[in-house]
Every structure is written in C-alpha cells, then in structure tokens.
Amino acid sequence: MDAFHVLMLKLFVHPRAYFVLISCRWAYLEAGVEKIMTDLRGGMDMKTYMGLYTAIHNFCTAQKAVAGTNFSNHNNRGGAHLLGEDLYQHLIEYLKNHLAGVQTRSKEHVDEALLTFYIKEWNRYTTAGQYNNHLFRYLNRHWVKREMDEGKKNIYDIYTLHLVRWKEDMFIGTQESVMRSVLKLVEKQRNGETIEQSHIKSVVDSFVSLGLDESDSSKSTLDVYKEYFERPFLKATSEYYDNESKQFLAENSVVEYMKKAEARLDEEKERVPLYLLSEIMSPLMRTCEESLITKHSSALREEFQVLLDHDKQEDLGRMYKLLARIPEGLDPLRNRFETHVRKAGLAAVEKVAQEGDNLEPKVYVEALLGVHTQYQDLVNRAFNGESEFVRSLDNACREFVNRNKICKSGSNKSPELLAKYTDQLLKKSSSKMTEEDDMEKLLTQIMTVFKYIEDKDVFQKFYSRMLAKRLVQTTSASDDAETSMISKLKEACGFEYTNKLQRMFQDMQISKDLNTAYRDWLSTTYDEKEIKNNVDATYHILGTGFWPLNPPTTPFTPPQLIVKTYERFATFYNAKHQGRKLTWLWQLCKGEMKANYLKVLNSKVAPTFQVSTYQMAILLLFNDNDTVTYDEMVEGTKLGKETLDPSISVFIKAKVLTAQPENAKPESGVSYKLNHGFKTKKIKTNLNIGIKSEQKQEVEDTHKTIEEDRKLLVQSAIVRIMKSRKKMRHQQLVSETIQQIKNRFMPRVGDIKKCIDILLEKEYLERLEGDELGYLA
Amino acid sequence: NWNQEVAVNGYFSGGSGPAVSSGTKANLNKIFDKYRDDPGAPDTVGVTGSMSYLKDINVDIEDIGALAVFEIVQAPAMGEMTREGFVDGWSALNCDSLDKQKAHMRNLVKTLPSSKDNFSKVYKHTFQIAKTGNQKAVPLETATAYWELLFTSPTSAVKWSSSSTPWAQWWVEFLTSSWKKSVNKDMWVQTLKFAQMSLDDEALSFWNEESSWPSVIDEFVEWVKNKRGDGAVEAMEE
C-alpha cells in the first residue's frame, strides 16, 4: 500500500477536475468502493483511483458552485455540510448492505469453519476499510473533522466508521456463535488435543479492535473484549476446572491432586502469551485459583497434618505454594504448624525426661535443638523461609523450651541446664573432643536455644558462677572460646548483661601481671635463700562487685606458714593500692604438699598431694605429731563441722589417714593417725575433691539469689517508670514494667504487685484516686 | 476583726453554730487540765486520764465510740490525748463543756451505723492509734483485734458479714493462718474499701487479678474462693 502516498501527492493539484467531475454521482463512487471491498486483489489502476479520489474531493467542494442559491438560508458552510453528510450517509448505507450479506453467509458455518470464515471476512473488511480511509481522506480532513470538532456524536473517521458498522451489523449478531467455537477449541486444548491457536489469537485481536472509546474515537478501550471475550472465557475456565478438580479429587489422593493443580496452573499461565491478551493473566489466575485451590482448601489443609507427621517436605512445599496463592490461605497452616512443632518439642523433652535427675544437660539441650533444627529446615525448604512461618516456629520453640516436663519443677530449669551444658563445653575436659570450628558451631547452637529462653537472668546467674569457677580453677579450655561466647551473649542481650563477665576476664589478666610484679618485688626485697624457703604462691585479685563469689561460710585459722605467705603479699599489694581491703576466699584456695614420709612406688620421689587450703591446714598439724585428735583439729583449724568432717573423710577414704577407732564418724573422741603405709603409683594425688551436697546447695543458693535479684530488678523498674511519669494507672504500670523486664525474665503480675506493695509501704509510691498510683520523691 | 475571721472560718468549715471564741478555747483548756495525769508532760493526757474522761462523757471504752473520740481529738496513740488536738478538735465542733461533748457523742454513736463518712474517718484514724511509736506497720494481732471491733460492733457502719459469708471472721482467719505478717497503712485502708465492695457484690465480680488491690487482698480472694468451693462440694455431698 505504499503506492498510496505517492499517489496522493499528485492528486492534489488538478484544477480542471472542478468542472469535469462536479456532476459526479454516488453511483460512480459506489462502484469504486465496491471494487475495493470485494476485489482489492483484482487490483485498481492509478487512473481509476485518481478518478475516485478527485470525485470525492469535488463532491465536497461543490458548494462553491451552489452556494447562495439552493442553500442560501443556511450558514456559509451549509453547502459543504450537506454535501459531506450526503456522501457519509451513502457510505453507511453501503456498508450496512454489505455486512448484512456477510452475516447471512456466516450462518452457513459452525465451529472452526465459522472461525475461519469470520477471520477471513474480518481481514478483508478491515483492509478495505484502511484503503477507503485513504480514499476518503478529503472527507476525513474537512467535513468529518469539523463535525467532530463541533462535538457531533456518531461521526467517525472513515476507518473507524468501518469498525463501528462491523460491530453493529456483523459482530453483535455473530459473536455468540464465534465465542462458542472459540471456547470449544480451548476446551479441546485443555483436554490435550492440538488446536489452531492462531484462530483464537485473531479473534482476540478483532474483538480488541472493536473497543472504541465513544467519547474519543482516537482512543480504544478493552470494553468489547472484556465483555464478549474475557467474561465468557473466564466463566468457561471456572466451569471446566470446577468439574475437573471435583472429579480428580474423588478418584485420587490429595497429594496427587496437588501435583495436578500445580501443573494446571502452570499450563494456564503459559497459555496467556500463546494467544491471549496479557491483561487476562491476573483474572485468569484468580479464576483458576478459585476453582483449583480455594474450593478445595479445606481438603488440602486436612492433609497438612498427615504430611507433617510423615515429614513429606516436597508435598508440604507444594501445599505451601498452592495455598500461598489464595488470600488467607496459609493462616490455618501456621497455627497447625505451631501446634505440631510445640507437641514435637514436648515429646522430645518427655523422652529425655525419663532419665530423671540424672539427665545430662547435653542430652536435654540436644533434644531441644533437634526439634528446632528439623523444623527450621522444613520452614526454609518447604515454606520458603517465610517470616510468618518463622514466627510460628519461634512461638512453638519458646513455648516448649520454657514450659515442658523438665521445667515443671521450675521455669528456670532450662536456662540452668543450658548454662551447665555451656560450662561442660568450655571446660578443659571436653576440649580434646571438639575442634575449633566445632566449638564455634556448638556455641552458635547454644545461642539458638538461648534466644528462646525467657528467664535470661537465670542463665546469666548460672553462667557467671560457672565462668568464675572455670577462671579461678583454671579449667577453662580456651580463652578464644570464652571470649566468643561472651560476645555472642553481648550481641543478644546488650552490654549490661555481659558487663560483669567481661570484668571477670579482665581481673584474671590484671592478676597475671600483678603476680609478675610481685615476683620482681620479692626478688628485690628478699635474698635468694629466703625466697627459696617461702611458699611459692600465685594470687588472683577479684573485684567484689563483679564476681559471684561469697566469703567463706566457715571460720578458719590458717596455718602460720600460710599467714606469713599472704602477709608478704598483702604488704606488697597495700603499698601498690592503698585502702583496698583484701578478703581471702579460703574455700577456693588450693595447694600442693609434698609427703616427705612417703615414696611413690618403684621410685625415690616423694608423692605430692593436691589439697584445699582447709585440708592443708589439717595435714600440717601432722608435722608435729603422727596422731592428731578430732578436738585438736577443731582447735588448730577452727573449721566448722560441716567443712572439717568432709575434709577428713576424703583423707580416710584415700587412706592418707586412719581413724581410731576404725570406721568412726568424725567427732570428738576420735583420733587420726598418719598412714605411713600409704601406697601410690602416681606422683600427684588429687585429694581436693568437691562434695556433692555442696554442689546441690550451690544450685539452691543460686536460685535464691535469683529471686532476690528479681525483686530488686522489678522494684527498680517500677521506680524508674514512676519517676518519669509521676502518675500512672495501676494496670498501665504493671504492663509497662513487664515490657521493661521481659527480656530478662517473664515477671508474673502477682510478683509485680508485691513489689508495688513494698514500694507503697516504703512510701516511694502512694495511692491516688481511681486506681492511680503516684510517685513520691 | 479577729472574731470575724474565726467566724468566717467556722462557717466555711461547715459549722453552723456560733464562732469559736477565746472563751471556748479557755473552757476546753480547763477541761483538758482536769484530766492531766503526768505533771512532767503538761500538754498530754495519759491512759488513766483518758479513761476517766471517756467515762465522764459516757463513752464505752470498749466500743467504736472511744475510737470516735480519739479521732475527734486526733489522738497520736491509744489512750493518749494532746492539748492541741483536744482543743482544736472539740472547738471545731463547738463543744466546750463536758455536757456538750456528752451530747455530741451520744448523737454520734447513735448515727454512726448509718454514716459511712464518719465511720470511714474513725476507721482510718484507728490505724494511727493501733501502731506503736514511729513504726510503719501494726502487728497482726493488734490489727485483727481492731478489725473485729470495727467490722462486727453494732455501732459499725460496715458490718462485714452476710448470711452467706462471715467476711470479717474469714478475713481474720485467713490473716492468722496464712498471711502472718504485720499490717501496713495501705493494707489497712484498702481493707475497708474491699470490705464495702464485697458487701455490695458478694460474688466479688469487681475483683480481678489485674486490678490494683494489694496482693494480700488477691490472696484473700483466692482463699475465699477455695473455701467457698469446698463448702459447695460439702453441701453437695450432704
């Protein structure tokens, strides 16, 4: 059609035509239009085309000749108006007649044949329309434009006029049967047959072309397409999948159905770019989801528990993806998932709880971790790591970590066991088994459980006590691991939480330097001989405020030898730090003694005993006499019975001492004799053995201090809040206190109220009208 | 001028009688002097003096009336009156003779059972009387003795018991069997509030764990509910 453009340039200048063709009639034009309509392929020579074009031009400009005569009562453009309209109306009449014929012929076809016919006719008609549009260009430019500028309705450029006529005189009467054929074809394809997709695409395009904006013919809308194509298409889709899914589910398992539904959804999605308009994607998907998922969502959810029980990750993943597509599809799953995980956690704890009091902290923590790991994995793989499922997992874990069979005796059993497990890991004994990165991994796992612990203060308490022990007894496996753990805790709970732990670490370092300085000081103060006779001692200086250590509970008179030793150190220390008070923690001190009266078996070396300071004091009494009575021991050491008796028992058990009478309980009247027949193969014998009941007592003490600390924590939180608010309603104060405290532990309302009682009594607070409390400065 | 001012004060403090005159004060000082028993403490009347004073104005020393008198004179302790409290208290009521005081008390004791405001004033001051010296709390034994008087006397405006629940009795039983601590001012004041509310609503629906009651009240509610629950079971078994 490029030829058009060239032609039109020439056609413009042809002054003689005014007169030649002024009498031209519609009949002449109609013949030309008919030729374009029905036999464009037959070709039209340039001369004929020029003739037609000129005829139209003259038709429109003929007004110059007739102006002022026939139509003088009209305005000055009246002639052109009438003449243009005449031509326009003639064309409409022609198109109507032509299309009536086409429609009649369409009745002879059905199904694919109808589509073929419709598309062929459409293509022919629209091509002709474009041709005519150029032919009638003069009319378009002048009369049509003017009419439209004046806001006349139902006046279109010539091509659009073709479309309007098609819509009225062809489309309205045939669209229903056309769509029926289209939908039959689509159904065939859904059933697996191969179809001529281009037919449908052409129909879609034709429907879209008919979407004319009534108010502005230069624009197009999708109204016609939506009404006559999309709507029936979606309806048919919905019916098709309603039926199919119902039938499929009746004959197959839910798992199979999910695969089917997934495949169908993919199929429909792929269908869109093949022959549909991209605009249909979202409504089509919504329709499919409604039929394939929403209508069967309860059946799917029923299966969820079964899949969880059998850990079917792949199917769970499929279910997640399906239900994630519909609104609120996943909410019920999250609830069930949470319940399931919690039950799994409780069951795992129940299983290990059968070991009773002998439950190893490691076993317990691993049971908790096992459940968490399994379901975290599931969330990541099957549920796409979605944050809502992560939250459900967290809720479930928090629940079973803090409230389970082991915790029945007290909610702080979990943090206690976790702290103990951490202690075991960080102690020397286990270090051989764990490589460096393994240790890091294990500590990370501990933090996973720690995150769920509600009573973080309990963990802190136990942890700091055990850290203190590791440091004092130098049983810590590695400084790096210790530091790493502390920094992890700091990251989780903040500086305040780990402040004391860090200070304990620092004290150890400072003590190291202090001991070096002390040695230097000794060598300058005493001569070599004196130093050689002195007891070789190391000192740890631990800040009272940072270490969870208490002064000894028993009175004690250290032996003269030790008194001299520590007095030397005290002189040095006081010179360095004036005004500091040193309190000796005898219960933590230990030493080594050489038993000169003995020989290690098969050697000439005297064995060494590792003992506590208390035991040292007892044994030193035997330097003066081979037999020492119980009363003399009491007198010499001043130790309380609860410390003295177990210390003696260790010696009896190890056969270092013998009791007289034999097997007598330690009490007044019994005497003890040094056993010269003591036999050992070891150069060092450890007699500094902790006592079980002491450990139990320690746990109880720890819990007790936790209670005390909590009361203070709650009270100070209340005072802090009231100090800034001055006045506050009771309930609000309680809930804000919980907010402030809960990252340390979950306070009970009753406990908070007791603290309020105390503060009322201490007159920090007063009761005001209407449930309000006031702050008294 | 001076009289006018006092008259105005008297008016605003609710007194409808004539203004307090210097004569009134003189009279009251004279009465006070009559009962002084310790020459070393010229502005104090001790226990012996107070007892005979109560007797003279016809007030039963073992009933709420006596507590009411101590409230009027703002006694700092049981059986102890100060000159200032005595003079100020009675002159505000315009009772400057024993006869007037006797009449006032007769009337007060008669109306006390129906006057919650007056009763509440007496109740609150009783805490001051019950505690010894500068202590902030009253020993439980003392407190329960006063509660028994205040909640069961015929003169009480809050007789804390009902056909279904012997509240005051249970309260004392609960305190002595499981609370076992001394009673602070807040607990004292809140107990009256709780007593009044529990009489209005014996199901205790006004109570919940979140509300601002001191924890002793919370524990008592728990205790009562248990006790009632037991009672119900027994009733069913019978």
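The values are calculated or read from the model by the stated rules, or taken from the named source; none is laboratory data. From a predicted model like this one, the values you see are computed outputs, not experimental measurements. Backbone-built Cβ (ideal geometry, glycine too); neighbour counts: all protein chains shown.
So the values come out like this:
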read-out: Residue match in the range A:663-681 (condition: on the phi > 0 side of the Ramachandran plot and without any contact (Cβ under 8 Å) to a residue 12 or more places away in the chain); value: yes
read-out: Residue that is farthest from the other protein chains (Cβ to nearest Cβ) [pool: residues in the range B:127-151 that are surrounded by fewer than 16 Cβ atoms within 10 Å (Cβ to Cβ) and not in a loop (DSSP other than H, G, I, E, B)]; value: B:E148
read-out: Residue list for the range B:192-222, filter: away from chain A (no Cβ under 14 Å) and either of a type outside the set (S, T, N, Q) or surrounded by 19 or more Cβ atoms within 10 Å (Cβ to Cβ) (or both); value: B:A195, B:S198, B:L199, B:D200, B:D201, B:E202, B:A203, B:L204
read-out: Exclusive hit being more than 14 Å from chain A (Cβ to nearest Cβ), under 18 Å from the mean Cα position of the chain (by Cα) and closer than 18 Å to B:V73 by Cβ, set B:N107, B:N94; value: B:N107
read-out: Selected residue (only one of A:G690, A:G669 is in a loop (DSSP other than H, G, I, E, B), modelled with pLDDT of 85 or more and away from chain B (no Cβ under 14 Å)); value: A:G669
read-out: Some residue of the range B:225-238 being under 27 Å from B:D60 (Cβ atoms), surrounded by 12 or more Cβ atoms within 10 Å (Cβ to Cβ) and either without any contact (Cβ under 8 Å) to a residue 12 or more places away in the chain or away from chain A (no Cβ under 14 Å) (or both); value: no
read-out: Subset of the range A:739-753 [within 14 Å of another protein chain (Cβ to nearest Cβ), part of a helix (DSSP H, G or I) and surrounded by 19 or more Cβ atoms within 10 Å (Cβ to Cβ)]; value: A:I752, A:K753
read-out: Number of the condition not met by B:V73 [criteria: (1) of a type in the set (V, I, T); (2) closer than 26 Å to B:W147 by Cβ; (3) free of Cβ contacts under 8 Å to residues at least 12 places away in the same chain]; value: (3)
read-out: Selected residue [closer than 27 Å to A:Q473 by Cα and not aromatic (F, W, Y)] from A:N663, A:N686; value: A:N686
read-out: Set A:R141, A:R165, A:R146: member being out of contact with any strand residue (DSSP E or B) (no Cβ under 7 Å at 6 or more places or on another chain), in the same structural domain as A:N97 (by the TED database) and free of Cβ contacts under 8 Å to residues at least 12 places away in the same chain; value: A:R141
read-out: Criterion (surrounded by fewer than 19 Cβ atoms within 10 Å (Cβ to Cβ) and either away from chain B (no Cβ under 14 Å) or more than 18 Å from B:E209 (Cβ to Cβ) (or both)) met by exactly one of A:E736, A:E707; value: A:E707
read-out: Options A:L139, A:L95; residue that is over 60 Å from the mean Cα position of the chain (by Cα), crowded, with 19+ Cβ neighbours inside 10 Å, at pLDDT 85 or above and not in a loop (DSSP other than H, G, I, E, B); value: A:L95
read-out: Tally, over the range A:580-619, of residues that are free of Cβ contacts under 8 Å to residues at least 60 places away in the same chain and in a strand (DSSP E or B); value: 3
read-out: Conditions (1) in contact with a strand residue (DSSP E or B) (Cβ under 7 Å, 6 or more places away or on another chain); (2) within 14 Å of chain B (Cβ to nearest Cβ); number of the one not met by A:K723; value: (2)
read-out: Yes/no for B:V189 being of a type outside the set (K, R), closer than 22 Å to B:K136 by Cβ and within 12 Å of chain A (Cβ to nearest Cβ); value: yes
read-out: Flag for A:D701 being among the charged types (D, E, K, R), under 30 Å from A:A419 (Cβ atoms) and within 14 Å of another protein chain (Cβ to nearest Cβ); value: no
read-out: Selected residue (criterion: farthest from the other protein chains (Cβ to nearest Cβ)) from residues of the range B:171-186 that are of a type outside the set (S, T, Y) and in a loop (DSSP other than H, G, I, E, B); value: B:K180
read-out: Residues satisfying the stated conditions in the range A:757-777, i.e. within 8 Å of chain B (Cβ to nearest Cβ) and either in a helix (DSSP H, G or I) or small (G, A, S) (or both); value: A:D757, A:L760, A:E761
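Results for (1) in contact (Cβ under 8 Å) with a residue 40 or more places away in the chain; (2) small (G, A, S), shown as yes or no for each residue.
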position	(1), (2)
A:Y364	yes, no
A:A367	no, yes
A:V371	no, no
A:L378	yes, no
A:S387	no, yes
A:V390	no, no
A:N412	yes, no
A:P415	yes, no
